[in-house]
Amino acid sequence: MLTTVERAVKDGGVLTSGTRVRGKRTGKGFSRIRPGQSVGRVSAGVLLCLVLLGLAGGCASQQQFLNQIEPTALGAAQSRAQFELNCPSVTASILSSKIIQPVWARGIQRAEYTIGVEGCGRRSVYMAVCPDASNCNAFAQTGRVLDALN
């Protein structure tokens, strides 16, 4: 007794009910299926590898997103600190960074940085929120400037 796939091979790639067997697509239709050939099955290992690659790609792209926007965030914090500290030469450094997920389903993903700024004997901490590399806003995190480093 022939199996369904063997009957399809014998009948030229068409099941007896008239439904085509999935096979390799060619320019003129489907290629013939050989006896014992797997038809449309994906192993769990292959599926797991694809999922893991997708997750790893997401992590890499988030880090790239943060790295791309970092100079703009530093610039926004430096400009704000120069004004608030009344100091033309300040030094800014990233204390932490993360991706803020959108609140709404189709919202905008944003980068958030905590930035420490130091200059003229004073220092302050700012939060910079950036939807993209050309748009960052820096806010004083504590609402006040920390006086005297001593």
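Observations, loosely collected:
- Contact map, the stretch 124-139: residues that are within 11 Å of ARG110 (Cβ to Cβ) paired with residues that are among the acidic types (Asp, Glu) and assigned to a strand (DSSP E or B), Cβ distance under 6 Å, separation 6+ or inter-chain. Pairs shown: VAL129/GLU112.
- Restricting VAL51, VAL42, VAL103, VAL46 to residues that are modelled with pLDDT under 85 and under 15 Å from the mean Cα position of the chain (by Cα) narrows the list to VAL51.
- Verdict on CYS87 being within 18 Å of GLN64 (Cβ to Cβ) and of a type outside the set (Ser, Thr, Tyr): no
- Criterion: crowded, with 18+ Cβ neighbours inside 10 Å, of a type in the set (A, V, I, L, M, F, W, C) and within 21 Å of PRO131 (Cβ to Cβ) - qualifying residue of ILE94, ILE115, ILE108, ILE100: ILE115
- Any hit, the stretch 57-79, residues being assigned to a helix (DSSP H, G or I), among the β-branched types (Val, Ile, Thr), more than 30 Å from CYS136 (Cβ to Cβ) and at pLDDT below 95: no
The values are calculated or read from the model by the stated rules, or taken from the named source; none is laboratory data. Please read these numbers as outputs of a predicted model, since none were measured by experiment. Virtual Cβ from ideal backbone geometry, glycine too; neighbours counted across all protein chains shown.
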